[in-house]
Amino acid sequence: MSDELTSSFIADFGAIFDELNFTYNDSGVFVPDPDTRPCPHFSMSDMATILTTTFYGLVFLLAVLGNLCVSLVIAITKQPLPPSDLYLLHLALADLLLAATLPFWATSLMSGWVFGDAACKVITVFQELSFFSSILFLTFISLDRYLVIVRAMEARRMNRKLLSWAVCAAVWLLGAFLSLPGLFSSAYASQNSSQIVCGERFDPASAASWRLATRLLRHTLGFLVPLGVMLVCYGVTIRRLLQIRGGFQKQRAMRVIVFVVMGFLLCWTPYHVAVMADTFFRTKLVPYGCPAWLAADQAMLWTHSLGLLHCCVNPVLYAFVGEKFRSRFMKILRKVGIARKKTVPRIGVSNRTSVSSEITSAFM
């Protein structure tokens, strides 16, 4: 009996993916397509709704608090922002944009989509914009740190500050372009319940082609290409750091690199693997049965929730782990009287190479 209840509870979660439009919602077609989706859907239980809504609420609170804190610490500095800080600021803004969409989806889980068709399109576009922009900023952070550590001489000759502003503008423009498929979303009556849902609605004649095209776009520009760039840049950077003398500076920089790569891999790799499996089923590249497809649906739901956590993890990886951010944050707390100023005896100033100072700047 216990196993039956557990199976029923897990199965109920499979329906959530078909009621939401988080990055890969495939339920929105004008008419049922038995050739594309031959397996039945499940009704979502009250317990599944409450748990998922609670999770979105927690992610929203953590992401807003963490990214607002990062944005405040970076924005109030009196000096011109170096490229690493500028990318970090825009990354925090992208994560805040993603967090801002979560209350809408949480409300949709509880009461259906009550915000109208226009809001469905706007919220979906904002979600896609934040998704692509966040990953692209992560990629350019890795490129900037590669230049600073590995190509230090070339980096000094470049106008990196002007270039960083151009990169930020280009990332937002590219993210806006890649988010345009969100305009296919609309509010419509669900086939599985009496509620209105917000989801993709392709024309039945071209639904399979559009769905495959958008998935390939997200897989390549939203995961595979950024991951490849990050692995190459951080791999070469670590090798360069191993050749630099100076234990503490090097260890701190390498620790941040490891956290960055692991955070990205742990949060997004399972989700993209699950979606790729679903794509193989839909394109009939891999033989499947209803249990396998149901398992893919469940995996996409769970792993997408894991991916959402990345907007909470970013402030920790790029700020709280770094000494420069902690120093700035404590300085703010002392100014407002929350923290007391510590008196640390100054033993002496060690000689630092230019490379060491670049490491300190680049890795916060």
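Results, tabulated for the structure shown:
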quantity: Conditions (1) surrounded by fewer than 23 Cβ atoms within 10 Å (Cβ to Cβ); (2) in contact with a strand residue (DSSP E or B) (Cβ under 9 Å, 6 or more places away or on another chain); (3) of a type in the set (Gly, Ala, Ser); (4) on the phi < 0 side of the Ramachandran plot: number failed by Ser108; calculated: (1)
quantity: So Lys331, is it assigned to a helix (DSSP H, G or I) and not aromatic (Phe, Trp, Tyr); calculated: yes
quantity: Odd one out for Leu136 among (1) outside any helix (DSSP H, G or I); (2) surrounded by 15 or more Cβ atoms within 10 Å (Cβ to Cβ); (3) of a type in the set (A, V, I, L, M, F, W, C); calculated: (1)
quantity: The lone exception for Thr303 - which of (1) part of a helix (DSSP H, G or I); (2) in contact with a Phe, Trp or Tyr (Cβ under 8 Å, 6 or more places away or on another chain); (3) at pLDDT below 80; (4) not aromatic (Phe, Trp, Tyr) it fails; calculated: (3)
quantity: Flag for Val114 being in a helix (DSSP H, G or I), more than 19 Å from Leu309 (Cβ to Cβ) and of a type outside the set (Asp, Glu); calculated: no
quantity: Residue check, Phe131 free of Cβ contacts under 8 Å to residues at least 60 places away in the same chain, of a type outside the set (Val, Ile, Thr), in a helix (DSSP H, G or I) and closer than 30 Å to Leu231 by Cα; calculated: no
quantity: So Val150, is it within 21 Å of the chain's Cα centre (by Cα) and in contact (Cβ under 8 Å) with a residue 60 or more places away in the chain; calculated: no
quantity: Condition met for Cys168 (under 29 Å from Val256 (Cα atoms), in contact (Cβ under 8 Å) with a residue 40 or more places away in the chain and not basic (Lys, Arg)); calculated: yes
quantity: Some residue of segment 67-85 being over 30 Å from Trp210 (Cα atoms) and at pLDDT 90 or above; calculated: yes
quantity: Criterion violated by Thr77 - all others in (1) hydroxyl-bearing (Ser, Thr, Tyr); (2) farther than 17 Å from Leu309 by Cα; (3) in contact with a Ser or Thr (Cβ under 8 Å, 6 or more places away or on another chain) satisfied; calculated: (3)
quantity: Candidates Leu242, Leu285, Leu265, Leu231, filtered to the one that is farther than 23 Å from Thr52 by Cβ, at pLDDT 80 or above, more than 18 Å from the chain's Cα centre (by Cα) and surrounded by fewer than 21 Cβ atoms within 10 Å (Cβ to Cβ); calculated: Leu242
quantity: Qualifying residue in segment 149-171 (condition: modelled with pLDDT of 85 or more, surrounded by fewer than 17 Cβ atoms within 10 Å (Cβ to Cβ) and within 24 Å of Thr214 (Cα to Cα)); calculated: yes
quantity: Odd one out for Arg215, checked against (1) in a loop (DSSP other than H, G, I, E, B); (2) among the basic types (Lys, Arg); (3) modelled with pLDDT of 80 or more; calculated: (1)
quantity: Cross-chain or 6+ apart pairs with Cβ under 9 Å, segment 282-307 first and within 28 Å of Phe264 (Cα to Cα) and without any contact (Cβ under 8 Å) to a residue 12 or more places away in the chain, then aliphatic (A, V, I, L, M) and in a loop (DSSP other than H, G, I, E, B); calculated: Ala292/Val286
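The values are calculated or read from the model by the stated rules, or taken from the named source; none is laboratory data. The structure displayed is predicted, hence computed values, not measured ones. Cβ coordinates were reconstructed from backbone atoms using ideal geometry, including for glycine residues, and neighbour counts include every protein chain displayed.
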